Amino acid sequence: AVGGFNHALNAMNRVNGPSWRMIVEFTEPMQAYGIYPGGQIGTPGHPFYDHMVVPWSKGEYFPLHLWDSPEEGAENIMYTLRLT
């Protein structure tokens, strides 16, 4: 159960609401916060798929990691999937 107003930042009502939510501060350095109820997994049926539903329903956000270049973020890549 989440409340809200359809023109508000959180834009939730009794029957729907945004799934992915993100706030970005265009400061130097840039800061961003976001949340997705499906979590990082994003695959329905996975045991951890719903682990972010409670924080999402409370309107909580988590810091997002932003990199200045692809090379900077490359050291944090755990898996790569190449489709050919």
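The values are calculated or read from the model by the stated rules, or taken from the named source; none is laboratory data. As the structure is a computational prediction, the values presented were derived from the model and not from experiment. Protein only, heavy atoms only, side chains kept; ligands, DNA and RNA dropped before computing areas. Shrake-Rupley method; radii C 1.70, N 1.55, O 1.52, S 1.80 Å.
In the stretch 45-80, of all residues being open to solvent by 80 Å² or more (accessible area, probe 1.4 Å) and of a type in the set (Val, Ile, Thr), the one that is nearest to ILE23 (Cα to Cα) corresponds to VAL54. Kindly indicate whether any position in the stretch 28-35 is modelled with pLDDT of 80 or more and over 19 Å from the mean Cα position of the chain (by Cα). The answer is yes; a qualifying residue exists.
Does ARG14 qualify as being basic (Lys, Arg), assigned to a loop (DSSP other than H, G, I, E, B) and modelled with pLDDT of 75 or more? Answer is no for this residue.
One residue stands out in the stretch 22-61 among those that are part of a loop (DSSP other than H, G, I, E, B) and among the hydrophobic types (A, V, I, L, M, F, W, C): the one that is nearest to TYR79 (Cα to Cα), namely ILE41.
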